[in-house]
Every structure is written in structure tokens, then in C-alpha cells.
Amino acid sequence: MGRPARSRPPATVPPPAATELRSTKISFRSRKIVKTPPGKPLATAAVAPPSTAPAPLLPVLPALSSPGEIAAALRHLQAADPLLSAVIASTQPPAFAASPSLPAFHSLARSILYQQLATSAADAIYARFLALLPSASAAASDAVTPAAVLALAAADLRAIGVSGRKASHLHDLATRFAAGELSDSAVAAMDESALLAELTKVKGVGEWTVHMFMIFSLHRPDVLPCGDLGVRKGVQELYKLKALPKPEEMAALCERWRPYRSVGAWYMWRLMESKGAAAKKKKKKKGNVSS
């Protein structure tokens, strides 16, 4: 193989040949000078004055805590689903507070703390968590802020029983709220699909956590937690299905509950509670007879 060809430097341009100076007569020809009219000045774009219009108000989404909303939900569900109507008739109606008890950030932080723990253990850790905050003497809803959580070291959280993984999740949630990616007002204004997309970006916050948050904190009326075992078992019991319904089957079966699937899901939990209580009572009665 030959050597690669090298690029040659450009050839030197020879200097212009010396010209012989000659005495020549230069003739001038008169020319008519045409004056060019001055160009038109460029038009400057008009600058609009700053808008003084108020910022648009965030939409107010329906909530189960609104007056008359539960009654409307029950009327719809009883008319749409005769099997569910029988459960409604034998169960006390749900009650939701007039307003969410906790701000969005506090509620989500609490959800992370309670994940995969027995209620008694979670209650104890949550109480110790509140005591760590600098404003613990104030109302709990005011004490749990992104800045307060970010001020807690992971070691502080582990000392009260919070796992290192959950400490990381709490800090990620607080960071996103502190940076403005999320806010209490923005969360309240998002619809269900947007909430699910945004909140599941937070470490440790999955679909089930978001569904519970939407139902019990934001009181959204039309949320179907397809992945919740209790709701799935309730649907299986209600419709006498042979197998536990898959999420896509849940969506199809519960379509008739729209726009109050949250309330339908609530009755599925109550249905399974009543079934469990009946089985426990029957077992106790059987034990008394045998003794």
C-alpha cells in the first residue's frame, strides 16, 4: 500500500511584473451623475404594552366533598348497576370531609411513610416524623413543607424508623415541590391522567399511591384503582366471577359506574369487609356450638 497522498501547500503567487512607467495622457469623459433617492426608513415593529389582564383562574374540578355530590353518585350507581344497588342499600353511604384535610405535599409525604407498613407501626413513625420538624408545635399541616423535609438528613429519618429508601423518596418529593415542578395548586387543578403522569415521576410513588391520593385527599369522583386487591376482589364477588379480574377487565366491567367510579370502588372495599366480618362471625358461632 502506498503512502497516503499529502496535501501540497498552495503555490507561491509570483509578484506582479515590474511595470514601465510611461507618461500617458489620461482623458476624462463627462458623466451624468444620477442621485439615488434616500431609502425609506425601516418600519419598526410596534411593541405591545405589557398585559395587565389577571392570570387565568385554575379550573375547579368536581369533588365528592361538594354538597350533593354523594347523593348524585348514589342515584347514578343504583340506576346503572342493579347488583351494586343492592350493596348500596345495605351499607352506610361514604362521607368525605368538606375540604381535604392535608395539603397535597403533606398528604403525599404521609402516603410514602405509610407504604407497606401495618397501621399501628406507620402511625408511630408518622408521629415521630412530625416531632422532627422545626414547626412541630404548629399545626401539622403547616409544619410539613418541602423546605422542612429537605432540612432533615437521611440519618435523622432513619433514626425514627424510616428506611433509607423511603428517606430518598421523601427528599425527591420535597425537591420537586421546592423546584416548582409540583405545587399544591397545580396538583389540585390537574385531571386524573395528568396527575398520574406527573406524580409517578416521584420516586416511590406508584399508580396505587396516586389513586388513593386522588380518592381520599382530593376527593376525585371518577377514579378506578384497577390494581387494588380489595377492589378487584370486590368486583369478583359482586359479579360472581370465577377468577380475579385483571385491570383491563376491571375497566370494562366498571365502565357503567362512570363518572362515579371512586364511589363504586369504595363500596367494593365495604363489600369485602362485610364478607370478612360475616365469615368471622360464622366461624366464631361454629366454634361456640362445637364447644
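The values are calculated or read from the model by the stated rules, or taken from the named source; none is laboratory data. Since the model is a prediction, treat every value here as computed from it, not as a measurement. Neighbour counts are summed over all protein chains in view; Cβ atoms, including those assigned to glycine, are modelled from backbone coordinates with ideal geometry. Side chains are part of the model used for accessible areas, which takes the heavy atoms of the whole protein and leaves out ligands, DNA and RNA. Shrake-Rupley method; radii C 1.70, N 1.55, O 1.52, S 1.80 Å.
Please tell me if residue 83 is at pLDDT 95 or above, open to solvent by 60 Å² or more (accessible area, probe 1.4 Å) and either more than 14 Å from residue 262 (Cα to Cα) or not in a helix (DSSP H, G or I) (or both).
When the stated conditions are applied, residue 83 passes them.
Entry remark, the range 95-132: residues being in contact with a helix residue (DSSP H, G or I) (Cβ under 6 Å, 6 or more places away or on another chain) and at pLDDT below 90 number 1 in total. Those helices (runs of 4 or more DSSP H) of the range 120-238 in which 2 or more residues are without any contact (Cβ under 8 Å) to a residue 60 or more places away in the chain and over 30 Å from residue 272 (Cα atoms) occupy 140-143, 146-150, 154-159, 164-178, 192-199.
Per-residue answers, yes or no, for (1) closer than 20 Å to residue 116 by Cβ; (2) modelled with pLDDT of 95 or more; (3) open to solvent by 50 Å² or more (accessible area, probe 1.4 Å):
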| position | (1), (2), (3) |
| --- | --- |
| 198 | no, yes, yes |
| 201 | no, yes, yes |
| 218 | no, no, no |
| 225 | yes, yes, no |
| 233 | yes, yes, yes |
| 236 | no, yes, no |
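Just one of (1) under 19 Å from residue 262 (Cβ atoms); (2) in contact with a Gly (Cβ under 8 Å, 6 or more places away or on another chain); (3) buried (at least 16 other Cβ atoms within 10 Å of the Cβ) fails for residue 210. It is (2). In the set (1) exposed (fewer than 15 other Cβ atoms within 10 Å of the Cβ); (2) in contact with a Ser or Thr (Cβ under 9 Å, 6 or more places away or on another chain); (3) modelled with pLDDT of 95 or more, the condition left unmet by residue 142 is number (3). Residues that are among the charged types (D, E, K, R), at pLDDT 95 or above and under 20 Å from the mean Cα position of the chain (by Cα): does the range 149-163 have at least one? Looking through the range 149-163, none of the residues is among the charged types (D, E, K, R), at pLDDT 95 or above and under 20 Å from the mean Cα position of the chain (by Cα). When the range 239-273 is filtered for residues that are aliphatic (A, V, I, L, M), loosely packed, with under 13 Cβ neighbours inside 10 Å and without any contact (Cβ under 8 Å) to a residue 12 or more places away in the chain, the ones remaining, listed by number, are 243, 252.
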